[in-house]
Each structure stands twice: as C-alpha cells, then as structure tokens.
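K.L.:
Sending over a structure as structure tokens; questions will come in a sec.
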Amino acid sequence: MKTYRIAAIPGDGIGGEVISAGVEVLEALAARDGGFSFAFDHFDWGGEYYKQHGRMMPEDGRDRIRGHDAILFGSAGHPEIPDHITLWGLRLAICQPFDQYANVRPTRILPGIVSPLRNVTDKELDWVIVRENSEGEYAGVGGRVHQGSELEAATDVSMFTRKGVARIIRFAFELARSRPRKLLTVVTKSNAQRHAMVMWDEIAREVAEEFPDVTWDKMLVDAMTMRMVNRPETIDTVVATNLHADILSDLAAALAGSLGIAPTANLNPERDYPSMFEPIHGSAFDITGQGIANPVGTFWSSVMMLEHLGEPVAGARLMQAVERVTADPRFHTPDLGGKATTAEVTAAVIEAIRSAND
Ligand code: IPM
Ligand code: MG
C-alpha cells in the first residue's frame with residue numbers, strides 16, 4: 001500500500017482549525033479507499049514560532065519538508081507581525097525556492113451555494129485561474145532609501161523573465177486543452193505597462209501556435225473584471241501575472257459565493273520539489289478560535305492534492321462528498337450565511353465519504 005508523506009503546516013489564525021479538519025477528512029478518505037494511506041508530519045511554523053525564535057520557520061525548514069510528497073498549508077498572517085514578514089518568511093519562502101510557479105485556482109458555484117450574480121448557473125461559472133507564482137510583482141525586487149526623511153523613496157519593481165512567462169503560459173494552454181471548452185484568456189495590462197506586459201502578449205502569441213486546438217483571447221485586466229461579472233459564461237481558463245491573478249481570484253471566489261470555499265494549488269509541475277495546497281482565505285483572526293471557519297476551502301485544496309498525488313478517484317470521491325454537504329444549508333458556516341461549525345461540516349463530509357456507495 002502506498003503511503004503519502006504530507007507536511008502539514010497550519011500556520012496562523014484559522015489555519016490550525018481548517019488543517020486539522022482537512023487531516024481528519026483525508027484520513028477518513030484513505031480508510032474508505034483502502035489503497036493508500038497518509039503519514040502526516042506537523043510543523044508549528046508561523047507567527048507564534050516567530051515570536052519565540054525571530055523567524056517564521058527554522059533555517060533548515062525547507063530541508064525538513066523537501067522529501068515529502070506534498071505540503072498542506074493553512075495560512076500565514078498574524079495581527080502582531082507585519083504582513084510582509086509573515087508572507088516572505090513562510091509562504092513565499094516555500095513557494096519560490098521550491099519553484100512552485102503554477103498557482104492554480106479553480107472557481108465553481110458548488111451545489112447549495114448562491115452567487116451574488118443574479119441568474120448565473122453553475123455551468124456558466126466554471127473557471128480556473130492560473131496565477132504566475134514565481135516572479136512578476138512578487139519578485140521582491142526594489143528598495144527603500146532615506147527612510148524617515150522627506151527624501152524617502154521606495155520602489156517595487158516587477159520582474160518578468162522570458163522563461164518564467166513562457167512556462168506559465170504553456171502550463172495554462174495545457175490546462176485549457178484538458179478542459180472540455182479548450183478556451184484560454186490571457187490577461188495583461190499591456191496598454192499601460194509597456195515592457196514586460198508587451199512581452200507577455202508576444203510570448204502568448206508564440207506559445208499559442210503549439211496549441212491550435214485551444215481557442216484563446218487577450219484581455220486587459222480592468223476589462224476582465226467587468227467580463228467576469230457581466231459575461232461569466234464566456235470564460236473558462238485564465239492566465240495572469242502574480243498580482244493580477246491574486247486580485248482576479250478574490251473576485252472569482254466572491255462571485256462563486258465565498259472566499260471560504262476557494263482552493264489553491266502551488267504546483268512545481270516538474271516535481272523536482274513538493275507542491276503545496278492551501279485554502280485561499282488567509283488567517284482570519286476575527287473568527288479564530290470560534291470554531292466557525294469554513295473548512296471547504298481546505299477540503300477542495302485536498303482534492304487538488306489527491307489529483308496531484310495520482311489519486312484522482314479518491315479526489316473525485318472527496319469532491320462529491322463536499323458537494324453533497326454544501327447542497328444542504330444546515331451545513332453552511334457563517335461566511336455562507338449559515339450557522340454550522342467547522343466540526344459539523346467536517347463530520348458531515350466524513351459521513352458522506354463513509355456512506356457513498358461507489
Ligand atoms: C493569496 C493571498 C496572498 C497573496 C497574501 C496572503 C499575501 O492574498 O494567496 O491570494 O497575495 O499571495
Ligand atoms: Mg489573494
């Protein structure tokens with residue numbers, strides 16, 4: 001029997017609550033399947049660790065998780081620590097050196113969940129946003145001088161490489177090709193950002209020639225926000241820069257009903273390093289410890305992890321269980337307008353896994 005070694009990093013805020021829910025559900029799934037099992041290693045890295053040790057994870061942190069089959073991550077962000085420290089000290093400190101350059105963010109309206117868009121159906125809003133995850137606006141290039149004086153100056157330079165752009169666009173074309181509609185939208189802002197974004201457009205045109213069976217179009221990011229709201233049915237797969245896709249994916253999650261259900265995969269497609277799976281929602285300190293965090297984002301991210309591990313049947317089984325549970329409003333947490341607790345939703349999903357008769 002195959003045992004998958006998973007590094008669980010709950011991080012901060014509601015991360016602990018949703019990751020332990022995810023671990024419970026994955027264990028139930030493995031028990032139901034019988035063909036594989038999980039060995040979880042838990043790492044207490046994050047804000048509390050920082051307060052004790054002055055860093056978000058130990059110096060050899062990456063070495064400790066390099067050999068795992070996948071990473072299940074909760075969130076990074078702490079009210080007493082500046083955001084750029086928590087982000088760069090943990091999440092980006094894993095994503096970037098592990099070259100998890102493809103950030104994949106599916107969005108669908110799950111059964112029982114109501115979109116704020118009037119009359120939109122689940123068939124019309126079924127998207128995957130591919131976010132460039134290794135460079136661009138998150139390259140960390142820039143500096144700050146003369147701090148505190150009136151001469152103070154600061155720059156954040158977005159940096160794009162031909163290799164980085166080509167590989168994410170190729171990844172997105174491949175993903176679009178694997179989906180029934182074979183439709184890709186390449187998002188930039190190449191009217192105003194006249195160097196790197198123009199290069200994006202050029203590379204997109206070049207890569208597109210390898211994919212004659214995929215229909216593709218280009219869209220400026222501002223116009224894309226309108227299209228997502230006004231003509232959601234014209235969109236399938238989307239590829240955009242690190243920052244643009246960060247923003248578009250929050251809009252997508254809101255249009256699909258809640259940030260609490262949105263999943264993400266940080267993939268190293270070449271599998272030189274482990275890939276990392278996490279809910280999009282963040283640490284949510286306003287509800288931490290109340291037991292009402294929506295675990296669905298973590299469950300859906302776990303589905304993506306199972307697919308990556310080569311267990312698509314188990315992944316589909318988990319997704320089906322999640323959808324059976326979201327269909328019942330008694331199991332909606334407060335972000336979805338309900339009263340359910342994390343524990344109730346988790347128990348319902350486990351019950352749905354156990355009682356599935358396939
Ligand atoms: C996301 C988040 C992060 C990001 C934050 C927490 C820094 O918004 O994963 O979308 O911008 O990358
Ligand atoms: Mg975001």
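The values are calculated or read from the model by the stated rules, or taken from the named source; none is laboratory data. It should be emphasised that the depicted structure is a prediction, and the values quoted were computed from it without experimental measurement. Virtual Cβ from ideal backbone geometry, glycine too; neighbours counted across all protein chains shown.
K.L.:
Looking at segment 75-93 only, could you name the residues that are surrounded by fewer than 21 Cβ atoms within 10 Å (Cβ to Cβ), farther than 16 Å from G54 by Cβ and charged (D, E, K, R)?
P.N.:
Of everything in segment 75-93, just one residue is surrounded by fewer than 21 Cβ atoms within 10 Å (Cβ to Cβ), farther than 16 Å from G54 by Cβ and charged (D, E, K, R), namely D83.
K.L.:
Condition first: in a loop (DSSP other than H, G, I, E, B), at pLDDT below 95 and either closer than 23 Å to S249 by Cα or of a type in the set (G, A, S) (or both). Can you find one or more residues in segment 47-56 that meet it? Steps first, please.
P.N.:
Initially, segment 47-56 is screened for residues in a loop (DSSP other than H, G, I, E, B), giving 54-56.
Still in the running and at pLDDT below 95: none.
Looking through segment 47-56, none of the residues is in a loop (DSSP other than H, G, I, E, B), at pLDDT below 95 and either closer than 23 Å to S249 by Cα or of a type in the set (G, A, S) (or both).
K.L.:
If I filter segment 268-310 down to residues being aliphatic (A, V, I, L, M) and in contact with a strand residue (DSSP E or B) (Cβ under 6 Å, 6 or more places away or on another chain), which single residue comes out as nearest to ligand 2 (Cβ to nearest atom)?
P.N.:
Step one: of segment 268-310, the residues aliphatic (A, V, I, L, M) are 276, 280, 284, 287, 292-293, 296, 303-306, 309.
Checking the rest, the ones that are also in contact with a strand residue (DSSP E or B) (Cβ under 6 Å, 6 or more places away or on another chain) come to 276, 280, 304-305, 309.
On the way: M276: 15, I280: 6, M304: 17, M305: 19, L309: 25 Å.
Looking at residues that are aliphatic (A, V, I, L, M) and in contact with a strand residue (DSSP E or B) (Cβ under 6 Å, 6 or more places away or on another chain), I get I280.
K.L.:
Quick check on segment 78-90. Is at least one of its residues out of contact with any strand residue (DSSP E or B) (no Cβ under 7 Å at 6 or more places or on another chain), closer than 23 Å to N294 by Cβ, within 16 Å of ligand 2 (Cβ to nearest atom) and not assigned by TED's automatic domain parsing to the domain that holds S178?
P.N.:
Yes, the conditions are met somewhere in segment 78-90.
K.L.:
All but one of (1) within 16 Å of ligand 2 (Cβ to nearest atom); (2) without any contact (Cβ under 8 Å) to a residue 12 or more places away in the chain; (3) over 19 Å from H244 (Cα atoms) hold for F73, so report the exception by its number.
P.N.:
All conditions are met except number (2).
K.L.:
Name the one entry in T225, T215 that is free of Cβ contacts under 8 Å to residues at least 40 places away in the same chain, within 16 Å of ligand 2 (Cβ to nearest atom), polar (S, T, N, Q) and within 23 Å of D122 (Cα to Cα). First the steps, then the outcome.
P.N.:
Details: T215 fails: within 16 Å of ligand 2 (Cβ to nearest atom).
The match here is T225.
K.L.:
When only residues in segment 88-131 that are away from ligand 1 (no atom under 16 Å from the Cβ) and assigned to a strand (DSSP E or B) count, which is nearest to L259 (Cα to Cα)?
P.N.:
R108
K.L.:
Could you give every pair whose Cβ atoms fall below 9 Å, whose first residue belongs to segment 81-103 and is more than 17 Å from R62 (Cβ to Cβ) and among the hydrophobic types (A, V, I, L, M, F, W, C), and whose second residue is within 16 Å of ligand 2 (Cβ to nearest atom) and in a strand (DSSP E or B), counting only separations of at least 6 or pairs across chains?
P.N.:
A102/V130; A102/R131; A102/E132; A102/A265; A102/N266
K.L.:
Are any residues in segment 158-175 surrounded by fewer than 18 Cβ atoms within 10 Å (Cβ to Cβ) and among the β-branched types (V, I, T), and if so, which ones?
P.N.:
T161, the sole residue that qualifies.
K.L.:
Let me ask something else about it. Check A327, A321, A356, A262 and return the single one that is among the hydrophobic types (A, V, I, L, M, F, W, C), touching a Gly at 6+ places or on another chain (Cβ under 7 Å) and either more than 27 Å from F98 (Cβ to Cβ) or without any contact (Cβ under 8 Å) to a residue 60 or more places away in the chain (or both). Lay out the reasoning, then the answer.
P.N.:
Values: A321 fails: touching a Gly at 6+ places or on another chain (Cβ under 7 Å); A356 fails: touching a Gly at 6+ places or on another chain (Cβ under 7 Å); A262 fails: either more than 27 Å from F98 (Cβ to Cβ) or without any contact (Cβ under 8 Å) to a residue 60 or more places away in the chain (or both).
Exactly one residue qualifies, and that residue is A327.
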